[in-house]
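Here the structure comes first, spelled out in structure tokens, and everything after it is commentary.
The values are calculated or read from the model by the stated rules, or taken from the named source; none is laboratory data. Owing to the predicted nature of the structure, the values given are computational and were not obtained by experimental measurement. Every residue, glycine as well, gets a Cβ built from its backbone with ideal geometry; the counts of neighbours run over all protein chains shown.
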Amino acid sequence: MKFYCSQQTLSKALNTVSKAVTSRTTIPILKGILLEATNDGKLILSASDLDLSIEKTIFDVNVEAEGSAVVSSKLFSDIIRKLPSEEILIHQQQGQNILIKTTSSEFTIIGLTSEEFPNIMEIDDNNSQKISIDKEVFKNMIRQTAFSASIDESKGIITGVLIELHEDSINMVALDGFRMAVVKEEMRNESDTKIIIAAKILTEINKIISEIEGNEDLIFMLNNKKAVILLENTKIVLRLLDGEFIKYKDILPKESKCKVRIAKQELYQSVERASLLSKEGKNNLIKFMISDQALIVTSRSEEGAVKEEVVIEHEGEDIEIGFNSKYILDVLKILDEETLLLEMNASIKPCLIKPASGDRFKYLVLPVRISSN
């Protein structure tokens, strides 16, 4: 294998595929990136942790000898990143030695044989559903839901995000037992489908989407066990989580005794200031006291106390309720809405956060029990 490639192009491609490399494996080959140079001037870079596989194709490559080799993801990427912005020679020499050369630098690193590298999972076109999704819509839906999924691997299915495709919409749902996110966007689909993707994989996919320029749609190809995402010259193959997601619609409250219309930014800033005196050991506790046309946000610790007042439109009963400030802030900082509705029923029942109009999102946050004294 021998080829010449632009440092900037190669570094950018390595940054993409390295998102599928795991450092937690004991299998050396999975810490590597597969380089495949072809006679038709293509360089294909691949990485896989067996759950997520990424393949990136570079077309503007001068290939003098086709071939393949696996290089250490971290070492190879670090070297390429620090080389000057010029053409780089990559040459597989005797044995597994890989030469990396520019006009002023020369490295020789040890590679691994490509025969041991896992095959990137393929999907049968004839037995899969093909979907086209606006990449900006998909990216924002991930951003607005994935943070609510559980990070505890022992929790199984709720470490994933449920994606529901209906005839006229796409829904994403994530929950961790303390909060839940439901986001909906209009979209035409040929048939109803439900899949569950690990939130940590969706987060990596979101980073990849953000790095790709252009406005072309994502192409999703789905079957029961895996999905393929195609975008530009990138192919992402991922395993779907297997199991039945929690019936989230049964958790959403059907009515509310206390409704609050509030400016999102004012609430965010008040909660953020109040959280400065909420203590980690006390669930980052802040209190909302809602009466008349005001929401009072308070917090107290051994170091002091804080009181914030926000003007609201209030309908229904007065209420005093406590929250983990982090869960409230996590929701508020990812929303673009200027005005929100908060709906509550009691101090021990969850708060529903909705847009002032429409039903594009619903966030449910469980309260923290507060003492009566």
Given (1) within 22 Å of THR203 (Cα to Cα); (2) of a type in the set (A, V, I, L, M); (3) in contact (Cβ under 8 Å) with a residue 40 or more places away in the chain, index of the condition MET172 fails: (3)
Matching residues in segment 332-373 - criterion: being under 21 Å from ARG143 (Cα atoms), in contact (Cβ under 8 Å) with a residue 24 or more places away in the chain and basic (Lys, Arg): LYS333, ARG360, LYS362
Test for ILE109: is it assigned to a strand (DSSP E or B) and outside the structural domain of ASP242 (by TED's automatic domain parsing): yes
Qualifying residue in segment 73-90 (condition: buried (at least 21 other Cβ atoms within 10 Å of the Cβ), of a type in the set (Phe, Trp, Tyr) and either out of contact with any Asp or Glu (no Cβ under 6 Å at 6 or more places or on another chain) or in a helix (DSSP H, G or I) (or both)): yes
Some residue of segment 120-132 being in a loop (DSSP other than H, G, I, E, B) and closer than 30 Å to LYS82 by Cα: yes
Selection from segment 43-52 of residues that are out of contact with any strand residue (DSSP E or B) (no Cβ under 6 Å at 6 or more places or on another chain) and either buried (at least 16 other Cβ atoms within 10 Å of the Cβ) or not assigned by TED's automatic domain parsing to the domain that holds ASN62 (or both): SER48, ASP49
Any hit, segment 54-71, residues being under 26 Å from THR159 (Cβ atoms), of a type outside the set (S, T, N, Q) and assigned to a strand (DSSP E or B): yes
Which listed residue is within 28 Å of VAL137 (Cβ to Cβ) and at pLDDT 90 or above, from ILE212, ILE246, ILE286: ILE246
Test: residue in segment 141-152 that is assigned by TED's automatic domain parsing to the domain that holds LEU222 and either in a strand (DSSP E or B) or loosely packed, with under 13 Cβ neighbours inside 10 Å (or both): yes
Residues satisfying the stated conditions in segment 1-29, i.e. farther than 22 Å from ILE212 by Cα and more than 22 Å from the chain's Cα centre (by Cα): MET1, LYS2, PHE3, TYR4, THR26, ILE27, PRO28, ILE29
Hits in segment 279-307 (condition: under 21 Å from ASN345 (Cα atoms), of a type in the set (D, E, K, R) and in a strand (DSSP E or B)): LYS287
